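Some notes on the structure that comes next.
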């Protein structure tokens, strides 16, 4: 039994169909990759995620604030151990009312005792 030899035209057609299939699958791969990327970005936006560089920048700011806080706490502790340099003046016994220009002073109330 003789096996027929495929002719060149048939092989060309088969190669063209295979090449077309490769192109279709390549385009499909790009489309799937693009869809996945957009969905991940959408999910990150919904979850309110931040980019890595913004996170690193915020970490740097927080670390600087921590250092400043430690320095301020040390200064407060040093001032607390020194004690107050001068006590504030004692309040006066009677309160003086401020006079408002153009206003009549209110009459003093007197209490009357009933017999």
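All of the numbers you see were taken from the coordinates with simple rules; none came from a lab. Keep in mind that what you see is a predicted model, and the values were worked out from it rather than measured. When we count neighbours, we look across all protein chains shown, and the Cβ atoms used for this are built from the backbone with ideal geometry, even at glycine.
Length gained on full extension, residue 76 to residue 46, computed as 0.36 nm times the residue gap minus the Cα-Cα distance: 6.5 nm.
Label separation (residue 14 vs residue 67): 7.2 nm, computed from points 7 Å beyond Cα along the C-beta direction.
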